[in-house]
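In what follows, a structure is listed as structure tokens, so that the remarks can point back to it.
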Amino acid sequence: MIWTAVIAASVGCYLLKLAGLSLPESVLDRPDVHRVAALLPVALLAALVAVETFATDAGLGVDLKLAGITAAVFALLLRAPFLVVIVVAAATTAVLRAIT
Amino acid sequence: MEADRERAAIRRDALGIAAYAAAFGASFGAVSVASGLSVVQTCALSVVMFTGASQFAFVGVVGGGGSALAAIPAALLLGLRNTFYGVRMAGVLGVRGRRSALAAPLVIDETTAMAIARSTRQAQRYAFWVTGVSLFVLWNLGTLAGALGGSAVGDPETLGLDAAVPAAFLALLWPRLDDATNRAVAIGGATVATALVPFLPPGIPVLAAAPIALVAGLRGRAPRRAGE
């Protein structure tokens, strides 16, 4: 039973990825489709950032993750490189968790 | 020269992402085995499904005592956003037929975010492939280690890695946010998704941001600096 589910869900997830990539060129070349395609990852990734920051097991909530993300925003405003931003976020949250 | 430097920067960033993905892969492996999946089933998920949120949802349903078949829609719901990423990546990658079947497994949050953070088509493609391949290798090695190591694997949260993930996506989105349309769409998407979290099953709130991109794209003008 578990194997059936593993295979079905895995193949399904693969086909979902392939479906997006397989949109015909004639559709992709339309200017309106082009604009929507450019905006889709912006909308989804921003939503992902927000949901991963505020979602808890019990719905919405705030924990020490938010402190890490806030520190990351400051690092970005100071034009810190990508890896520095990640380390700042993780370290801020980790240190605060260790001392609280 | 400039292109070489950009490529080196992309490789460095990709390795950074892959490094924390290895830690999450290990955590996934441990959780999966604890949820009742075998080591081989656990590794099969990381190789074939290869999309973290869906994998965690899958083993979460199985581990929660639900029917294994109920884990299928949970995984698919979280995997659906990769379809939207695919629509964007189709234009970036320019792959067709067999090559799109090869690129498809790598269409996930991280590769899309790394690609759209770059401004030229060449750099976007490079970022997609380098991130995808290094992530695939380390995610799977991490999964295997976690599945075998079980409870010996530490909790990524003690290292603050749960904050590193949204911080990384935010950092990759950052250069796009100087465009007013992008900024409005990002704020709209984040707001709508957050507001829906308490009411909808995991996966759907993030998808609810897609209509905002649709409306803005159909009404507005093309954003500048979209890397075309």
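Exposure proxy ranking for A:Asp57, B:Asp179, B:Asp109, based on other Cβ atoms within 10 angstrom of each Cβ and starting from the fewest, stands as A:Asp57, B:Asp179, B:Asp109.
Rounded to 0.05, the FRET efficiency of the B:Arg7 and A:Asp63 pair, given R0 = 25 Å and the Cβ-Cβ distance, is 0.10.
A dipole drawn for chain B from +1 and -1 charges on Cβ atoms has a positive end, and of B:Ser151, B:Trp129, B:Leu218 the residue lying farthest that way is B:Leu218. Contact order for chain B, expressed relative to its length and based on alpha carbon pairs under 8 Å spaced 6+ residues apart, stands at 29 percent. Working ranking of peptides B:62-73, A:23-34 by packing, defined as the average number of other Cβ atoms within 10 Å per residue, highest first, is B:62-73, A:23-34. Here the scattering of the range B:72-228 is modelled by Debye summation over its C-alpha atoms, one equal scatterer each and no solvent; at q = 0.13, 0.16 Å⁻¹ the log10 of I(q)/I(0) is -0.73, -1.11.
For chain A, the calculated P(r) over all alpha carbon pairs, in 5 Å bins from 0 to the bin holding the longest distance, is 2, 10, 11, 13, 14, 11, 14, 14, 7, 2, 1, 0 percent.
The charge dipole of the protein assembly as shown, taken about its Cα centre with unit charges on the Cβ of Lys, Arg, Asp and Glu (plus for the first two, minus for the last two), comes to roughly 920 debye. Note on B:Val153, B:Val48: ascending count of other Cβ atoms within 10 Å places them as B:Val48, B:Val153, the fewest first. Extending 7 Å from Cα along the Cβ direction at A:Arg79 and again at B:Glu157 yields two label points whose distance is 3.8 nm. For a test of the definition: using alpha carbon positions, the gyration tensor, and the 1.5 limit on a/c, classify the protein assembly as shown as rounded, prolate or oblate. Cα axes put the protein assembly as shown in the rounded bin.
Rounded to the nearest 10 degrees, what's the angle between the helix A:64-77 long axis and the longest principal axis of chain A, both from Cα atoms, 0 to 90? It is inclined by approximately 80 degrees. Summary value for chain A: 17 percent relative contact order, contacts being C-alpha pairs under 8 angstrom separated by 6+ residues.
Values quoted throughout were computed directly from the atomic coordinates according to the rules given, and no laboratory measurement underlies them. These numbers were taken from a predicted model, which means no experiment stands behind them. Every residue, glycine as well, gets a Cβ built from its backbone with ideal geometry; the counts of neighbours run over all protein chains shown.
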